[in-house]
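The values are calculated or read from the model by the stated rules, or taken from the named source; none is laboratory data. Only a predicted model underlies this, so the values are computations on that prediction, with no experimental measurement involved. When we count neighbours, we look across all protein chains shown, and the Cβ atoms used for this are built from the backbone with ideal geometry, even at glycine. Ligands, DNA and RNA are excluded from the accessible area calculation, which covers all protein heavy atoms including side chains. Shrake-Rupley method; radii C 1.70, N 1.55, O 1.52, S 1.80 Å.
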Amino acid sequence: MDQRRSQLEAWLRDACGLDGFAVTPASGDASFRRYFRVALADGSTRIAMDAPPAHEDCGPYLHVGAALAAIGLHVPAVHVAAPDLGFILLEDLGDALYLDALDESSAGRLYGDALSALAALQACGPRTGLPPYDAALLQREMELFRDWLAGRLLGLPFGAEDRARLDRDFALLTANALEQPQVCVHRDYHSRNLMVTSPPTPGILDFQDAVVGPVTYDLVSLLKDCYVRWPLARVDDWAMGYFELAVQSGVLDGALEGRFLRWLDLMGAQRHLKAAGIFARLWLRDGKPGYLKDIPRTLGYIVEAAGRRAELGDLAALIDDWVLPAMTAHLASAGAGTA
């Protein structure tokens, strides 16, 4: 047993007053944070978060979680918190991820619930104390694609012209994000962070990186998910249904309807560049290869979007002609497949 886990179990006994419990791994995430399921003697369970203070700050998790709970969203209730130690004892929302529950028969209901919760988040969610999703952050995120995926993982020799073209694309995507109405943004609102729970549903996880940013960011994270893909026509229907809901909730002005899907498509390109870069970094820096197989799906959204957004043409061509073939070859050589 590692030292942090031993410290966690001691904290559960001494600070939380638990006795006769069993601790098993529940999940990790794309950070240094870990989660353990704590089975109690009475048959109930809790989730213990281990967020090493040298790498993670529990403060934003507690701040944002309290704000989301206050507006009626289903986030894990906090039983005991020791942010200085990096330990939090939480309500257990179970292990029924949206990702595992989504299929043709359930998608309409599950996405309906998720979109309703998103409307509440955007209409009533916190803004005070949250950092802005500003140009510098948007640009840093896209650089993950150029650095970690194209450069370090695939070794693609981008020339001066390619780099200049990417700079122009990054500027376009940044401008698109900044011109949108700014709302509370969860920042990872997708099928791995939404849970099928008892009402209110969904249960919402991994909200600690919330910012104030573009209105389409969480929507595209949900509908153009890196882990599950739906036909574009269906995505458009869900997106425009959400637009109507956002207008009714006072989040958006109905006059913006003609711009909304373009905002969504270009916001998706920014997010998917970022995500693909993070997936490469998770392998190269953190030794987590499980996300590599999701890179072709993730970048495929940009190629798809370019079919109706000419301004994405150069970026899509670079991805389709160069990055995706290199990624496919990398996965094949590693025996990972391309699914």
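Annotations
- Given their separation in residues at 0.36 nm each and the Cα-Cα distance between them, residue 320 and residue 237 gain 27.3 nm when the chain is fully extended.
- Euclidean distance between Cα centres, region 275-316 to region 1-21, Å: 40
- Here region 178-203 and region 225-250 have alpha carbon centers that stand 13 Å from each other.
- log₁₀ of I(q)/I(0) at q = 0.09, 0.12, 0.13 Å⁻¹ - region 184-339, Debye sum with one point per alpha carbon: -0.32, -0.57, -0.67
- FRET efficiency, residue 96 to residue 179 (Cβ-Cβ, R0 45 Å, nearest 0.05): 0.75
- With loop membership from DSSP and a limit of 15 other Cβ atoms within 10 Å, the longest segment of the chain without trypsin sites (Lys or Arg not before Pro) is 1-126.
- Heavy-atom accessible surface of region 128-287: percent carbon and sulfur, 1.4 Å: 53
- Cα-based convex hull volume of region 257-339 per residue, rounded to whole Å³: 88
- Surface accessible to a 1.4 Å probe, per residue, for the residues of the chain, Å²: 41
- Residue 80 versus residue 116: modelled label distance in nm, points set 7 Å from Cα along the beta carbon direction: 3.6
- Relative contact order (%) - region 46-127, alpha-carbon pairs under 8 angstrom, separation at least six: 36
- Taking a straight Cα-Cα cut-off under 15 Å and skipping sequence neighbours fewer than 8 places away in the same chain, the aspartates and glutamates within cross-link reach of residue 288 are 29.
- Region 251-313: chymotrypsin sites (Phe, Trp or Tyr not before Pro) in DSSP coil with no more than 14 other Cβ atoms inside 10 Å: none
- Each residue, residue 198 and residue 5, gets one label point 7 Å from its Cα in the Cβ direction; the gap between the two is 3.0 nm.
- 18 Å cut-off, amide nitrogen to a point 7 angstrom out along residue 66 Cα→Cβ, residues in region 88-109: 88-91
- GluC sites (Glu not before Pro), loop per DSSP, at most 15 other Cβ atoms within 10 Å - longest free stretch of the chain: 180-339
- With the cut-off at under 20 Å, measuring from each backbone N in region 265-282 to a point 7 Å along the Cα-to-Cβ line of residue 334 picks out 272-282.
- Centroid-to-centroid, using Cα positions, region 125-141 and region 95-114 are 29 Å apart.
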